[in-house]
Amino acid sequence: MSRDVHNGPTDQFTQARGTEYSGDADGGDDAPEILTLPLDGWHRARGGRMVAFAGYEMPVQYEGIMAEHLWTREHAGLFDVSHMGQLVFTGEGVEAALEALLPADLQAAKLNHPVYSLLLAENGGILDDLMLTRRAGGEVYIVVNGATKWDDIAHFREHLADEITLNHLDEQALLALQGPEAVIALERIVPGVSALGFMQGDWFDHKGDRLWISRSGYTGEDGFEISVPSEAAEALADALTAQPEVKPIGLGARDSLRLEADLPLYGHDLDEETTPIAAGLGFAIKKRRREEGGFPGHERVMIEREQGAIVKRVGLIVEGRQPVREGAAVVDAGGSEVGKVTSGGFAPTVQKPIAMAYVPVALAQPGARITLAQRGKVHHAEVVPMPFVPHRYVRKG
Amino acid sequence: MSRYFTEDHEWVDVDGETATVGITEYAQSQLGDIVFVETPDEGKSFAKGDDAAVVESVKAASDVYAPVSGTVIEGNASLTDNPALVNEDPEGEGWFFKLTLADADELESLMDEAAYADFTSKL
C-alpha cells in the first residue's frame, strides 16, 4: 500500500495551501524546523502517535480517531492546542487600531466575551480566522491558528502603529476540554468555571497559577479553552485526565468533530482566495462595521452581501460509504469543474461520508444534487444544512 | 500453504495456484479505523504492482497493489458492509481478494514472515 491521500490535520496541507511555516516572525530563509509542544513527552507517554502539523510534532491519535471522536461527544476530551498563537495587544487606542485590520466591533465588545473574527486582506480574502477578547487593563487577547501565526504576527507588526504593543505569549500552553461532561470534570479542579456561559471567559487561580479560561471550543459541544503557563501544563493535563470523564484526544478526532459541527478550518475551508460571504461567515461582520467600513475588504464584503458571492461553502452528505476528501472536484453535467471539496471524511457521529465544498450559488440550496469527481471516480452528494450534528453550547444570560 | 509479505504491507497466502491477498496487522494498525474497502471484480487481471483495491480509514485513502500477477477469482464481499473486519482480523477474515497466479516465480521476490517482521521492526 502507498500513495496515501491524507486530509485534515494528519498532514501538512495547511502549510502547503496556506502559509509556509518559516520558524521565525521575520520569515527567514532557514529550512522549516519542527518544534515540540510543552506536552510532547506527556503525549508520547500516553501512546499519542505524533505527526508534523503547523510546524509542531502533534498527537494525531491515541487509541483511535473513531473512539476518541465518540468519547468526546459523550464524555469529555482533552486536546492540546498549544501550537496556536496567543497574542496580547495593549496600548492607547488598541481597539480602534485592531478595527483597522479586522471587521469585529471592538468598541461594542463586552469585556471577557470572546468574539469570532477574521483577519482580512484588501481584496477581502481571508488571511486567518481568530478569536479575540477584550480583557481588563485595556488589553485585547487574540488566539490565531498555529500554521498562520508567524505571518499574522508579521502582518500585525507591519500595520499597527508603534503605540500598540504585541506580546506573543509563547510561554503559554493552550488546552481544550470539550464534551458534555467537560463542565463536571473541570469544575472539580477549577471551582467556579461552571458559572461561565458559552463565549464567556475569566481568570481563575489553580495551585498558584493564573489560568485564562473561556467556555468555547471547536467541536460543537460544550467545553472550555484553558490558557496555562507552559511549566504548569503537564500537572493540569494530569489532573484533568485523572477525572473519569476525560481522555486525551488527538488532532484526527478534532478534525472530524469540527467538520460535523460546521466549523471551517483555515488553510482548508478558508484561505486568501475565499471571502467572508462565500465562506458563510457574514455573521462575523457586525452592523456598525458594515455601515462605517474602515477594514480591509469592506468593499468586496458589501458587494457580495448585495449581489451574492459566486460560490458558497455548503455541507454535503455523500452517497455510499466511500469518503470524498479535500481536493475532490465539484463537476457540472458536462464534467467541467465548477467547485471544490475543501474538507471531507467519514463522519463518526453521522456514520456517513460528509464534506464541506464550495459550489456555485445556484447549487447552494439544501436538497441540491452535487456530482463530485475524485481519483477518476464519480460520487453523488446532496447539499444539506449544517451543522451535521447539532451544537450543544451552554448559553447563560 | 505458505504466507508471503510485500514491502507495501500486503500478505499473500498461496495454496496451489490460488493466492489470497490482504493487508497486514502492521498496515491496519497504521491506517486506524477503516471505513471503506473496494475490492476487484471477478475476472479482472493484474500485473504485479497494479492498483488492485482501495482501503480508506478515517484519515486517509490508500491503494492496495497486486503483490503478484494473476486473475481475480473473488473479492471479499463481507468488506463492503463491514470494512472494520480489516481492523479486527486483517490476516484472516479481513482478506481482500483471491486470484489465480499467473507466474509462481514472482513469489520468490517476496518476504517470508521472519523477513517481514524484521522489515517492520526497522520502520
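The values are calculated or read from the model by the stated rules, or taken from the named source; none is laboratory data. This structure is a prediction, so every number in the text was calculated from the model and none was measured. No Cβ is skipped: glycine too gets one built from the backbone with ideal geometry, and neighbour counts run over all protein chains shown.
Annotation: of all residues in region A:60-92 being away from every other protein chain (no Cβ under 14 Å) and of a type in the set (Gly, Ala, Ser), the one that is farthest from A:Gly146 (Cα to Cα) is A:Gly91. Taking region A:339-383 as the range and being more than 14 Å from every other protein chain (Cβ to nearest Cβ), crowded, with 16+ Cβ neighbours inside 10 Å and in contact (Cβ under 8 Å) with a residue 60 or more places away in the chain as the test, the residues that pass are A:Thr342, A:Met356, A:Tyr358, A:Ala381, A:Val383.
Before we move on, is A:Pro32 at pLDDT 95 or above, on the phi < 0 side of the Ramachandran plot, out of contact with any Pro (no Cβ under 8 Å at 6 or more places or on another chain) and more than 13 Å from every other protein chain (Cβ to nearest Cβ)? Let's see the steps before the verdict.
On the way: at pLDDT 95 or above: no; on the phi < 0 side of the Ramachandran plot: yes; out of contact with any Pro (no Cβ under 8 Å at 6 or more places or on another chain): yes; more than 13 Å from every other protein chain (Cβ to nearest Cβ): yes.
So A:Pro32 fails the test.
Filtering region A:85-100 to residues that are small (Gly, Ala, Ser) and farther than 13 Å from A:Leu169 by Cα leaves A:Gly91, A:Gly93, A:Ala96, A:Ala97, A:Ala100. Across region B:67-86, the number of residues qualifying as within 12 Å of chain A (Cβ to nearest Cβ), farther than 12 Å from B:Ala53 by Cα and under 13 Å from the mean Cα position of the chain (by Cα) comes to 1. Scanning region A:105-115 for residues that are assigned to a loop (DSSP other than H, G, I, E, B) and among the aliphatic types (A, V, I, L, M) returns A:Leu106, A:Ala108, A:Ala109, A:Leu111.
For residues that are assigned to a loop (DSSP other than H, G, I, E, B) and touching a Pro at 6+ places or on another chain (Cβ under 9 Å), scanning just region A:195-214, find the one that is nearest to A:Glu68 (Cα to Cα). Steps first, answer last, please.
So the first thing to find is which residues in region A:195-214 are assigned to a loop (DSSP other than H, G, I, E, B), and the list is A:196-200, A:207-208.
Checking the rest, the ones that are also touching a Pro at 6+ places or on another chain (Cβ under 9 Å) come to A:199-200.
Numbers: A:Met199: 25, A:Gln200: 26 Å.
Among those that are assigned to a loop (DSSP other than H, G, I, E, B) and touching a Pro at 6+ places or on another chain (Cβ under 9 Å), it is A:Met199.
Just for region B:56-66: of the residues that are in contact (Cβ under 8 Å) with a residue 40 or more places away in the chain and buried (at least 24 other Cβ atoms within 10 Å of the Cβ), which one is nearest to the other protein chains (Cβ to nearest Cβ)? Explain how you work it out, then say what you get.
Of all residues in region B:56-66, those in contact (Cβ under 8 Å) with a residue 40 or more places away in the chain come to B:64-66.
So of that shortlist, the ones also buried (at least 24 other Cβ atoms within 10 Å of the Cβ) come out as B:64, B:66.
On the way: B:Val64: 5, B:Ala66: 12 Å.
Here the answer is B:Val64.
Only one of the numbered conditions (1) within 14 Å of chain B (Cβ to nearest Cβ); (2) surrounded by fewer than 18 Cβ atoms within 10 Å (Cβ to Cβ) is not met by A:Gly250, and that is (2).
For region B:8-49, a tally of residues being exposed (fewer than 15 other Cβ atoms within 10 Å of the Cβ) and over 23 Å from A:Arg325 (Cβ atoms) returns 9. Scanning region A:185-202 for residues that are under 24 Å from the mean Cα position of the chain (by Cα) and farther than 19 Å from A:Gly397 by Cα turns up A:Ala185, A:Leu186. What are the pairs with Cβ atoms under 6 angstrom where one residue, in region B:23-36, is facing another protein chain (nearest Cβ under 9 Å) and the other, located anywhere, is among the small types (Gly, Ala, Ser) and in a loop (DSSP other than H, G, I, E, B)? Sequence gap at least six, or different chains. What qualifies is B:Gly32/A:Gly64; B:Asp33/A:Gly64. Here are some conditions: (1) under 15 Å from the mean Cα position of the chain (by Cα); (2) more than 9 Å from chain A (Cβ to nearest Cβ). B:Ser45 meets all but one. Which one does it not meet? Going through (1) under 15 Å from the mean Cα position of the chain (by Cα); (2) more than 9 Å from chain A (Cβ to nearest Cβ) one by one, B:Ser45 breaks only (1).
All conditions in (1) closer than 11 Å to B:Ala66 by Cα; (2) among the charged types (D, E, K, R); (3) more than 9 Å from chain A (Cβ to nearest Cβ) hold for B:Asp51, with the sole exception of (3).
Residue-level check: of (1) surrounded by fewer than 18 Cβ atoms within 10 Å (Cβ to Cβ); (2) of a type outside the set (A, V, I, L, M, F, W, C); (3) touching a residue at least 12 places away in the same chain (Cβ under 8 Å), A:Ser256 misses just (1).
Suppose we filter region A:79-113 for residues that are free of Cβ contacts under 8 Å to residues at least 40 places away in the same chain and crowded, with 16+ Cβ neighbours inside 10 Å; how many remain? Steps first, please.
Filtering region A:79-113 for residues free of Cβ contacts under 8 Å to residues at least 40 places away in the same chain gives A:96, A:106, A:109-111.
This time we only want the ones that are crowded, with 16+ Cβ neighbours inside 10 Å, so: A:106, A:109.
Residues flagged as free of Cβ contacts under 8 Å to residues at least 40 places away in the same chain and crowded, with 16+ Cβ neighbours inside 10 Å within region A:79-113 amount to 2.
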